Amino acid sequence: MSNIHITVEFGGGAELLFDNKKAHPVTLPAKEKHWIIKDLLTWIKDNLLKERPELFLQDESVRPGILVLINDTDWELMDTVNYVIQENDRILFISTLHGG
């Protein structure tokens, strides 16, 4: 397998956990197995997340209240954490969690 180029985006306040940067071009390194969203979440935690991982991740998924869109489609329709990432995918994480 070869490297995979994707865009990871954050919105709805989630970008505050990622240096207030909304869009991140990402090159996932080649590996024997396919990259799935579950792997990407670990990669994001290790490489992009700057603070308070508990506000973004819970167990091996995103925290409830974070919407995930894969190429503008709800990840619930795409097998959630088991979705196999494809070249040029756009993966968007939108927080619906707001303080008050």
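Please indicate, with yes or no, whether at least one residue in the stretch 22-31 is open to solvent by 80 Å² or more (accessible area, probe 1.4 Å) and not in a helix (DSSP H, G or I). Yes, the stretch 22-31 contains a residue that is open to solvent by 80 Å² or more (accessible area, probe 1.4 Å) and not in a helix (DSSP H, G or I). Each residue in the stretch 32-50 was checked for being assigned to a loop (DSSP other than H, G, I, E, B) and open to solvent by 50 Å² or more (accessible area, probe 1.4 Å), and 4 pass. Scanning the stretch 62-89 for residues that are part of a strand (DSSP E or B), open to solvent by less than 80 Å² (accessible area, probe 1.4 Å) and touching a residue at least 12 places away in the same chain (Cβ under 8 Å) yields a count of 6.
May I ask you to verify whether Leu57 is among the hydrophobic types (A, V, I, L, M, F, W, C), open to solvent by 20 Å² or more (accessible area, probe 1.4 Å), out of contact with any Lys or Arg (no Cβ under 9 Å at 6 or more places or on another chain) and farther than 26 Å from Ser2 by Cα? Against the criterion (among the hydrophobic types (A, V, I, L, M, F, W, C), open to solvent by 20 Å² or more (accessible area, probe 1.4 Å), out of contact with any Lys or Arg (no Cβ under 9 Å at 6 or more places or on another chain) and farther than 26 Å from Ser2 by Cα), Leu57 does not qualify.
The values are calculated or read from the model by the stated rules, or taken from the named source; none is laboratory data. Not measured: the values here are computed from a predicted model. FYI the Cβ positions are ideal-geometry reconstructions off the backbone, even for glycines, and counts take in every protein chain you see. Remember, those area values only see protein heavy atoms, side chains included, never the ligands or the DNA or RNA. Shrake-Rupley method; radii C 1.70, N 1.55, O 1.52, S 1.80 Å.
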